[in-house]
Amino acid sequence: MKHPASPRVVTLVGPQGVGKTTLFESLLRSTGAEEIRVSGTSAAATGRSMTLELSVAHARFLGEDWTFIDTPGATEFSQEARHALMVSDAALVVCDASPERAAALAPLLAFLDARRIPHLLFLNVMEEEGASVRETLESLQAVSSRPLVLREIPLREGGKLVGVVDLVSERAWGQQTEGAPALISMPDTERPREETARRELIERLADLDDKLLEQLLEDVVPPPEALYGQLEKALREDRLVPVFLGSAERGLGLERLLKGLRHEVPSVEETRTRLGIAEGVTPLVQSFKTQHLPHVGKLSMVRVWRGEVHDGGTLADTRVGSVQRLHGTKQTAMNVARLGEVVSLGRVDAMRTGDMADTGGVQTPKDWPLAHPPVHQVAIVAEKRTDDVKLTSALSRLVEEDPSLSVDQEADSQMLLLGGQGELHLREALEHLRTRMRVPVTTRPLPIPYRETIRRNGSHHARFKRQSGGHGQFGDVVVDVAPLPRGEGFRFTSAVVGGAVPKQYVPAVEEGVKEGLKRGPLGFPVVDVTVTLTGGTYHSVDSSDQAFRTTGRLAMVEILPKLEPVLLEPILHVDIHVPNEAIPRAQRLVTSHRGQILGMDTNPDIPGWEVLTAYVPQAEMQGFIVELRSASAGLGSFVMRQDHYAELVGKQADKVVVQHQQEAAAER
């Protein structure tokens, strides 16, 4: 093959705890690249040995430039990985030799397959006793729509991994004492296993090429060059997934992995064609991460798809503030960024994560992956009231940095709600607000939008009369009040005849009734009622809009406690996504949270996963994601939406009412 002159970008992805960051650092050491300090390791991350933000590093291998991107593995931070994959030439999927962990890779492989992103697989920590390549591969194949093809088999001595055998060249590789790769002899006892695995590799490739199939049928052994060519072509067309293996911690197998990347990963030009990006000479970049740094301003991590970007040049009709090379947390100023490079650009304010920018403007591709709806929320207030405006600005920057966060305002209390992908995700976001953006906040219990309604009909005569010198205030109404079917809301009609209440005052009565329904006898807004104005009287001098508005409100305050008020709680429609084996635990979790299971079906997008549909009270959803992740090895998630309101009675209703009264008293 003709090796590309432009840098190629490979993103490391995989579940938490499989050694992605270790492999990332080992690859850099293997290429002689400068050691880096991995970004995004907060105190929480360090305590859990987790990566929470992507890290970018540059390396050279056999005269070619590479950019490696390390990404978080935890489900809560998976949006970072998806964004990096969108600007990558290929993905390096890292997993360990545990068949039971295959379900953790299913969402990732489904994402890669759906977007036709070429990817290779690296089985890490193969020195573990009992690690079976074949069992692991069978489990992984069940969740991959692309055929997985072994490129190597392991060599072990006394249960310890000592080398790998390349199934194309049929040569064995181990390590010298100082850790450098070295050719080693393959024991005769391993020859049958190697021949079987090589035959399977050729058969897989023959399924994709008629010429190779003819050779196989004629028992002609294809030369290594032909196999290498087929592997390269199949990967670039995303028709198969080559599988490498080794130990990231010991550096074993990494030289072969790097050579596999070198020969088979597409060039930036080929990736550009896959993405449908037109050729040209004018600069075109795409942002995959945004940062707001103190004293620096907005920085955009971008991939250069076309042309060159100069420091001080124009992008999105804006002067580029800076062009910097990224290597972990280190940034080095550059004069120009060339085709294929990953750099950081300063102060291109119009460009947001996912946007493509040329000299004239920005556009967001239609296929940019949207963030998963929030599964965990907290109510927040600034510790200092003087920081309220500052908090709004900080939250806007926070969501721009991490689109998987969301900010909403609760309708009843007007409290700010910060939503995210899990408890740790929100904890990191709050820490980010405190340390980087200098806006400390406190959290409050999440407000639940309870409502109340009535169970029976009633009629009421209300009068408001006030004399205070000059014109007084007089209003007199008769209303019929009745419950409506659930979800009907509020209805007001006038049945007044003979002008008992003049028409010009009827809208004022309706406004007063609405005000009276804002807080019912239980302390919550009243819904699903119909109010009919049937009669009343007026005074030619003292009656007014204000008087009849007050009378309408008074009518509701006086009549509602007599009509058997009942509390309503919001019920959510929840689609719970978990691996098949976690379904029984998810079902128990739903029922333990007063939920009602509606049904279950296979997940159409993720092999080996199920979707459990249920009704769950909103009050039971706080912390639900924490328990769900615990019940599904950290993998489960859900999508929820408001569905309906249902009556809440008994001790639970009494508890809600008392708590609400106490909170209202405390606010006064």
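The values are calculated or read from the model by the stated rules, or taken from the named source; none is laboratory data. Quick caveat: nothing in here was measured; it's all calculated off a predicted structure. Cβ: placed from backbone, ideal geometry, glycine included. Neighbour counts: every protein chain shown.
Residue-by-condition table, conditions (1) in contact with a Lys or Arg (Cβ under 7 Å, 6 or more places away or on another chain); (2) crowded, with 16+ Cβ neighbours inside 10 Å; (3) outside the structural domain of Glu34 (by TED's automatic domain parsing):
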{"residue": "Leu326", "(1), (2), (3)": "no, yes, yes"}
{"residue": "Lys330", "(1), (2), (3)": "no, no, yes"}
{"residue": "Leu345", "(1), (2), (3)": "no, yes, yes"}
{"residue": "Asp349", "(1), (2), (3)": "yes, no, yes"}
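Put simply, of Arg82, Arg134 the only residue that is without any contact (Cβ under 8 Å) to a residue 24 or more places away in the chain and farther than 17 Å from Leu23 by Cβ is Arg134. Whether a residue is out of contact with any strand residue (DSSP E or B) (no Cβ under 8 Å at 6 or more places or on another chain) and farther than 17 Å from Gln291 by Cβ was assessed, and Leu370 passes this test. Tell me yes or no: at least one residue of the stretch 295-304 is more than 26 Å from Lys20 (Cα to Cα), of a type outside the set (Phe, Trp, Tyr), in contact (Cβ under 8 Å) with a residue 24 or more places away in the chain and buried (at least 17 other Cβ atoms within 10 Å of the Cβ). Yes, some residue in the stretch 295-304 is more than 26 Å from Lys20 (Cα to Cα), of a type outside the set (Phe, Trp, Tyr), in contact (Cβ under 8 Å) with a residue 24 or more places away in the chain and buried (at least 17 other Cβ atoms within 10 Å of the Cβ).
Filter the stretch 363-379 down to residues that are over 30 Å from Asp113 (Cα atoms) and of a type in the set (A, V, I, L, M) and give me whichever is farthest from the chain's Cα centre (by Cα). Step through it out loud before you land on a result.
Kept after step one, since they are over 30 Å from Asp113 (Cα atoms), are these residues of the stretch 363-379: 377-379.
Going one step further and asking which of them are of a type in the set (A, V, I, L, M), we end up with 378-379.
Working: Val378: 17, Ala379: 20 Å.
Looking at residues that are over 30 Å from Asp113 (Cα atoms) and of a type in the set (A, V, I, L, M), I get Ala379.
Filtering the stretch 251-276 to residues that are in a loop (DSSP other than H, G, I, E, B) and crowded, with 17+ Cβ neighbours inside 10 Å leaves Gly251, Gly253, Val265, Pro266, Ser267.
Would you be able to say whether some residue in the stretch 218-232 is touching a residue at least 60 places away in the same chain (Cβ under 8 Å), within 27 Å of Arg156 (Cα to Cα), assigned by TED's automatic domain parsing to the domain that holds Leu120 and not hydroxyl-bearing (Ser, Thr, Tyr)? Yes, the conditions are met somewhere in the stretch 218-232.
Please identify the pairs in which a residue from the stretch 482-507 that is within 18 Å of Thr551 (Cα to Cα) and assigned by TED's automatic domain parsing to the domain that holds Leu533 has its Cβ atom under 9 Å from the Cβ atom of a residue that is surrounded by 11 or more Cβ atoms within 10 Å (Cβ to Cβ) and among the acidic types (Asp, Glu), counting only partners at least 6 apart or on another chain. Here the result reads Phe492/Glu510; Ser494/Glu510; Ala495/Asp480; Ala500/Asp476; Val501/Asp476; Gln504/Asp545; Tyr505/Asp545; Pro507/Asp545, each pair linking the stretch 482-507 to a residue that is surrounded by 11 or more Cβ atoms within 10 Å (Cβ to Cβ) and among the acidic types (Asp, Glu).
When you check Arg191 against the structure, is it buried (at least 17 other Cβ atoms within 10 Å of the Cβ), in the same structural domain as Ser132 (by TED's automatic domain parsing), among the basic types (Lys, Arg) and under 24 Å from Glu138 (Cβ atoms), yes or no? No; evaluated as a whole, the condition is false for this residue. So which residues in the stretch 384-418 are free of Cβ contacts under 8 Å to residues at least 12 places away in the same chain and of a type in the set (A, V, I, L, M, F, W, C)? Across the stretch 384-418, the qualifying residues are Val389, Val399.
Considering each residue of the stretch 516-540, count those that are closer than 25 Å to Leu648 by Cα and crowded, with 16+ Cβ neighbours inside 10 Å, and give that number. Please lay out each step first, then the result.
From the stretch 516-540, those closer than 25 Å to Leu648 by Cα are 516-531; that's our starting set.
Still in the list and also crowded, with 16+ Cβ neighbours inside 10 Å: 516-517, 519-531.
Total satisfying the criteria: 15.
Among the conditions (1) in contact with a Lys or Arg (Cβ under 9 Å, 6 or more places away or on another chain); (2) outside the structural domain of Thr71 (by TED's automatic domain parsing), Leu261 misses just one, which is (2).
Considering each of Asp605, Asp601 in turn, give the residue that is in contact (Cβ under 8 Å) with a residue 60 or more places away in the chain, under 27 Å from Ser139 (Cβ atoms) and surrounded by fewer than 17 Cβ atoms within 10 Å (Cβ to Cβ).
Working: Asp601 fails: in contact (Cβ under 8 Å) with a residue 60 or more places away in the chain.
Answer to the check: Asp605.
Can we say Arg256 is within 26 Å of Leu235 (Cβ to Cβ), over 26 Å from the mean Cα position of the chain (by Cα) and either modelled with pLDDT under 95 or in the same structural domain as Glu237 (by TED's automatic domain parsing) (or both)? Judged against the criteria, Arg256 is a match. Out of the residues in the stretch 485-505 meeting the condition of being in contact with a Phe, Trp or Tyr (Cβ under 8 Å, 6 or more places away or on another chain) and either of a type in the set (Gly, Ala, Ser) or surrounded by fewer than 21 Cβ atoms within 10 Å (Cβ to Cβ) (or both), tell me which one is nearest to Leu563 (Cα to Cα). The selected residue is Arg486. For the stretch 417-428, the condition of being on the phi > 0 side of the Ramachandran plot and modelled with pLDDT under 95 holds for none of the residues. Hey, among the residues in the stretch 619-668 that are touching an Asp or Glu at 6+ places or on another chain (Cβ under 9 Å) and polar (S, T, N, Q), which one's surrounded by the fewest Cβ atoms within 10 Å (Cβ to Cβ)? Step by step, filter the stretch 619-668, then rank; the result is Gln652.
For the stretch 541-596, enumerate the residues that are closer than 30 Å to Leu105 by Cβ and either among the hydroxyl-bearing types (Ser, Thr, Tyr) or buried (at least 22 other Cβ atoms within 10 Å of the Cβ) (or both). Correct list: Val574, Ile576, His577, Val578, Pro579, Ala582, Ala586, Leu589, Val590, Thr591, Ser592, Gly595.
Yes/no matrix, rows are residues, columns are (1) touching a residue at least 24 places away in the same chain (Cβ under 8 Å); (2) under 23 Å from Lys233 (Cβ atoms); (3) out of contact with any Asp or Glu (no Cβ under 8 Å at 6 or more places or on another chain):
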| site | (1), (2), (3) |
| --- | --- |
| Glu152 | yes, yes, no |
| Ser185 | no, no, yes |
| Glu203 | no, yes, yes |
| Ala206 | no, yes, yes |
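With the structure loaded, tell me whether Gln421 is of a type in the set (S, T, N, Q) and touching a residue at least 24 places away in the same chain (Cβ under 8 Å) or whether it fails that test. Against the criterion (of a type in the set (S, T, N, Q) and touching a residue at least 24 places away in the same chain (Cβ under 8 Å)), Gln421 qualifies.
Of everything in the stretch 471-481 that's surrounded by fewer than 20 Cβ atoms within 10 Å (Cβ to Cβ) and touching a residue at least 60 places away in the same chain (Cβ under 8 Å), which residue is farthest from Glu511 (Cα to Cα)? Of everything passing the filter in the stretch 471-481, His471 is farthest from Glu511 (Cα to Cα). Scanning the stretch 182-214 for residues that are part of a helix (DSSP H, G or I) and of a type in the set (A, V, I, L, M, F, W, C) turns up Ala197, Leu201, Ile202, Leu205, Ala206, Leu212, Leu213.
Can you name every one of the strands (runs of 3 or more DSSP E) wholly within the stretch 411-462 that holds 1 or more residues which are over 18 Å from Leu517 (Cβ atoms)?
Details: elements: 416-420, 441-444, 451-453.
Per the criteria, 416-420, 441-444.
The set of residues in the stretch 275-328 being in contact with a helix residue (DSSP H, G or I) (Cβ under 9 Å, 6 or more places away or on another chain) and among the charged types (D, E, K, R) consists of Glu279, Lys289, Lys298, Arg303, Arg306.
It is to be established whether one or more residues within the stretch 380-395 are in a strand (DSSP E or B), of a type in the set (Ser, Thr, Tyr) and either modelled with pLDDT under 95 or over 14 Å from the mean Cα position of the chain (by Cα) (or both). No, because not a single residue in the stretch 380-395 is in a strand (DSSP E or B), of a type in the set (Ser, Thr, Tyr) and either modelled with pLDDT under 95 or over 14 Å from the mean Cα position of the chain (by Cα) (or both).
In the list Asp408, Asp402, which residue meets the criterion of being closer than 15 Å to Ser287 by Cα, at pLDDT 95 or above and outside the structural domain of Leu284 (by TED's automatic domain parsing)? Walk me through how you get there before you give the answer.
Details: Asp408 fails: closer than 15 Å to Ser287 by Cα.
Answer to the check: Asp402.
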